[in-house]
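Below: the structure, in structure tokens.
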């Protein structure tokens, strides 16, 4: 289990802006305050922003519930105007390496089209398509978009890529697939294509997530970790302590809040247990928060450890014992999560950064002005699962030069900046961070919300980077459903999962 190091150093109150994941979760992130050069690590770049977010305690309370996001950032000093000259200068310097990577040199072999696979329904796909029109016009190459629903995306990709047809040229690459696809020879190593300067502009953690056995296979878009969306008005109504960036809710406070909020058609929280990969990541984060390990460095599983049993038992009890989560968990995933919260039917919901854009949109949410963002609750540890998406080139593509050209374009500083402006979550590039920091249109609420999202990433723990993870995930999904459905006790379900995973990893 690999601990994710900080994207920002001394993140007392980091101030930044927006993007999603969509799942992956899941951004963008600007800040007021002095900014370091993009040639340094993101840690250095972001730590220079610490002056900008917090002191809006009074001002934040004057804003609506979205300003409740400042509860996580309360306590520092505001330095909104401090970014102007310094950040603008930094942003200009920071873009150099990334901009150089996107210089449009003529393509030796220009195809009529390339085919790119993306996740159907992901919030960023519409943005990708719009941004890519510029590349299509510049290059005179059409993009054929193949959209596959998340439920079947992995399996359909494996079926097509294993046929070696070369039908797909590039694809969206979720972090849990990197090791599997690389080991199977489905995707092309990128180390010989990317310059050292361009590679160093990305967060080291994102490069790590898109690598396998020391080779880079995907250009990062974003990294993300679940955060907790909650209703400050309901906390006030029931006399509950509101969490801050420095003091998230304890496990006991989370349960107490869920119990007090539950009533009528409102539940304290939600549990996801659909036959789907996303509920498994939430199950894993409950284990991580208890100090548990899924698979150790020697590829030995520990899914039935006392820590794992404690974490999953707490999750299951939210539905079956404490009844603070709506019935129907066996059919719920992240979409149901943000939908129910947006309808005002949940007091707290742990979900990915992508949900922020949906929940804050008054056209889609009845609580757009009544919610805040904070860290998930703390048990033994304050942690969660962290993941990330990238774009990869297929090994059997016959149009690799054009595919690589598009990949450089869509992950350039300018295009990632454009993506973050329309979606929400932490940035992928240091130069992108600097550009956002210099943007005067970034609101204080957005900056404070990003401080929470970056802290969640900083606290996060990676899913094991092994080729067998998809099989392991399936086993854990069954265990979760068996425990919540009452077919087995939590211990029985995890004992069975342990035995099955040991066989997979032999």
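If I take the Cα coordinates of the stretch 356-449 and project them onto the principal axes, what are the three extents in Å, biggest first?
50, 38, 28
Counting other C-beta atoms within 10 Å, which of 177, 406 has the fewest, and how do the rest follow?
The order, fewest Cβ neighbours first, is 406, 177.
Can you pull a Stokes-Einstein diffusion coefficient for the stretch 234-311 at 25 °C (0.890 mPa s), Rh from Kirkwood over Cα pairs, as a whole number of µm²/s?
Answer from the Stokes-Einstein relation: 167 µm²/s.
Order the peptides 385-391, 254-260, 452-458 from the highest to the lowest mean number of other Cβ atoms within 10 Å of their residues. Provide the component values of the computation, followed by the final result.
Working: 385-391: 28.0, 254-260: 20.3, 452-458: 29.7.
Ranking the peptides 385-391, 254-260, 452-458 by packing returns 452-458, 385-391, 254-260.
Which part of the stretch 134-172 falls in the paramagnetic zone of residue 213, meaning amide N under 20 Å from the point 7 Å along Cα-to-beta-carbon?
Only 158, 161-164 pass the distance filter.
Over the Cα atoms of the stretch 264-382, how large are the radius of gyration and the largest Cα-Cα distance (Dmax), in Å?
15.2, 49
What base-10 log of the normalised intensity I(q)/I(0) is obtained for the stretch 177-331 from the Debye formula, alpha carbons as equal point scatterers, at q = 0.17 Å⁻¹?
Once normalised to I(0) and log-transformed, intensities are -1.09.
Report D for the stretch 160-218 in µm² per second (integer): Stokes-Einstein, Kirkwood Rh on Cα pairs, 4 °C, 1.567 mPa s.
The Stokes-Einstein estimate is 106 µm²/s.
Counting pairs of Cα atoms in the stretch 206-268, how many percent are more than 19 Å apart?
When every Cα pair of the stretch 206-268 is considered, 50 percent fall beyond 19 Å.
What full-extension length gain, to one decimal in nm, is calculated for residue 275 and residue 110 as 0.36 nm per residue of separation minus the Cα-Cα distance?
Here the segment from residue 275 to residue 110 would lengthen by 55.2 nm.
Within 10 Å, count the other beta carbons around each residue, average over each peptide in 463-471, 202-210, and list them highest first.
With the highest mean Cβ count within 10 Å placed first, the list reads 202-210, 463-471.
Just want the ordering: 393, 283, from fewest to most Cβ atoms lying within 10 Å of their own Cβ. Don't skip to the end; give the middle numbers.
On the way: 393 25, 283 28.
So the residues, fewest neighbours to most, are 393, 283.
Report the gain in length on full extension from residue 366 to residue 197: 0.36 nm times residue separation, minus Cα-Cα distance, nm rounded to one decimal.
56.3 nm
How far is the Cα center of the stretch 404-465 from the Cα center of the stretch 284-348, in Å?
27
Please work out how much length the chain gains when fully extended from residue 298 to residue 259, using 0.36 nm per residue of separation minus the C-alpha to C-alpha distance, in nm with one decimal. All intermediate terms of the calculation are to be shown ahead of the outcome.
Values: separation 39, 0.36 × 39 = 14.04 nm, distance 4.06 nm.
Using 0.36 nm per residue and subtracting the Cα-Cα distance, I get 10.0 nm.
For the stretch 113-254, what class follows from the C-alpha gyration tensor (a ≥ b ≥ c being the square roots of its eigenvalues): rounded when a/c is under 1.5, otherwise prolate if a/b is larger than b/c, else oblate?
Cα axes put the stretch 113-254 in the prolate bin.
FYI, it's all coordinate maths here, none of it is from the lab. Bear in mind the structure is a predicted one, so any value in this text is a computation, not a measurement. Cβ coordinates were reconstructed from backbone atoms using ideal geometry, including for glycine residues, and neighbour counts include every protein chain displayed.
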